[in-house]
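To start, the structure itself, in structure tokens.
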Ligand code: SF4
Ligand code: SF4
């Protein structure tokens, strides 16, 4: 990109204003990561925020330029710059598109983490929503269970549909109302996860299941289904009790110390000598678990951290490698598949879920246009950047509708909630499921339409 174009990139970012030299959120970033970007722009069309706004500052190239300019002291970290960086979904689609191997996550994640520490500016994580909901409730399954007991009663009385249909949720504080509409129908699990669940048939592996925080309460049945699918594939499934939240909620909203503490707890919780793999069925958590080593700058216990990461496998990745034993009963459904960003772009797991789905007898898998474009969920993005999140979920649902599929599959709790919300808002009949739930239906001879 020419220098003139570079200057255009920062035209609404006050490049000429005096930088705040006392604060540099990029100073801890390895500068080589910036230099990897050759400004070719081949990533821009893969970037959801650029596609929606058409603003170069909302593109990967523009954001890399801004972060580097702030780091160099050429641009002030003013509100405009912050907005362009905050609007990034951290979906990592740009990493998949980039021919130069730019590790965009290594730039935006630490940069935003430091940006949150700037004491002169009001920190968005200091508000009640971050303190009591995102940080105080979501990572703690027992607290969440209590809070959800009211939601379950409301769902039984069908008050949730009423609140959404009448727009009553808009009377609640904005993000609380949003959260209420995102909550899917909570399905009681078909059984309890035991400490050890033995393989069905010939034993082929011993694995531990990471159950997550929100996942373990809102999608308890998906966890149960995942364990059952693993058992059907000859795996002993162990559920370590002392595991906890992966830390992604804190980490991606700039709160580093609690994220590191959660990572340390999880590294200690899994007896890696006793298992072949640590299995995860949520893309966002899986990406975080595989990336634990980068939370620490020191070399201390590096082996333990990389040893942990090397055992973490997305459930589809693991079963595809192991050799999937498909269910025998046909389902007779047309489905499509949405790639969760943190599975497709961060973990490069794209074919394995499709391989498993295609092996379910009677299932027709239809390609989804822009399947790997973010649906707007992006962790907690859909609670804080609602306009962009809505635009992206509307675009996603339109593409899903065009496939004619009756079920859309996706392997991330955030995507499940975001797409399900959009289809309820638009009163679409398409069902939204995790692939493990569909496979479980086939093993247990249940109709997916009665299941969800
Ligand atoms: S991130 Fe990669 S694709 Fe995008 S401008 Fe830089 S080098 Fe080109
Ligand atoms: S992470 Fe996603 S939203 Fe952010 S710059 Fe890359 S492609 Fe765009």
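Name the residues in the stretch 53-89 that are over 20 Å from residue 40 (Cα atoms) and in a loop (DSSP other than H, G, I, E, B), would you?
73, 74, 75, 76, 77, 78, 87, 89
Enumerate the pairs (first residue in the stretch 76-94 and closer than 16 Å to residue 24 by Cα; second residue anywhere and more than 16 Å from ligand 1 (Cβ to nearest atom) and in a helix (DSSP H, G or I)) with beta-carbon separation below 6 Å, excluding pairs fewer than 6 apart on the same chain, so at least 6 apart or on different chains.
77/70
Quick check: anything in the stretch 167-188 assigned to a strand (DSSP E or B) and under 21 Å from the mean Cα position of the chain (by Cα)?
No, there is no match, as no residue in the stretch 167-188 is assigned to a strand (DSSP E or B) and under 21 Å from the mean Cα position of the chain (by Cα).
Can you list residue pairs whose Cβ atoms sit under 7 Å apart, with the first residue in the stretch 244-268 being outside the structural domain of residue 293 (by TED's automatic domain parsing) and the second being in a helix (DSSP H, G or I) and surrounded by 17 or more Cβ atoms within 10 Å (Cβ to Cβ)? Count only pairs 6 or more apart in sequence or on different chains.
Qualifying pairs under 7 Å: none.
Restricting the search to the stretch 67-97, which residues are within 20 Å of the chain's Cα centre (by Cα) and away from ligand 1 (no atom under 16 Å from the Cβ)?
86, 87
Could you check how many residues of the stretch 132-152 are surrounded by 13 or more Cβ atoms within 10 Å (Cβ to Cβ) and in a helix (DSSP H, G or I)?
So the count comes out to 10.
Out of all the residues in the stretch 34-66, which are more than 15 Å from ligand 1 (Cβ to nearest atom) and within 17 Å of residue 91 (Cα to Cα)?
The answer is 52, 53.
Rundown of residues vs (1) at pLDDT 80 or above; (2) farther than 21 Å from residue 438 by Cβ; (3) in contact with a helix residue (DSSP H, G or I) (Cβ under 8 Å, 6 or more places away or on another chain); (4) surrounded by 14 or more Cβ atoms within 10 Å (Cβ to Cβ), yes/no style:
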site: 172; (1), (2), (3), (4): no, yes, yes, yes
site: 179; (1), (2), (3), (4): yes, yes, yes, yes
site: 183; (1), (2), (3), (4): yes, yes, yes, yes
site: 211; (1), (2), (3), (4): yes, no, yes, yes
site: 217; (1), (2), (3), (4): yes, yes, yes, yes
site: 222; (1), (2), (3), (4): yes, no, yes, yes
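Here is a list: 392, 356. Which entry is assigned by TED's automatic domain parsing to the domain that holds residue 408, part of a helix (DSSP H, G or I), farther than 21 Å from residue 51 by Cα and in contact with a helix residue (DSSP H, G or I) (Cβ under 8 Å, 6 or more places away or on another chain)?
356
So residue 256 passes all but one of these: (1) modelled with pLDDT under 95; (2) on the phi > 0 side of the Ramachandran plot. Which condition number does it fail?
The one condition residue 256 does not meet is (2).
The values are calculated or read from the model by the stated rules, or taken from the named source; none is laboratory data. For clarity, every value in this text was computed on a predicted model and none was experimentally measured. Reconstructed Cβ throughout: ideal geometry from the backbone, glycine too, with neighbour counts over all protein chains shown.
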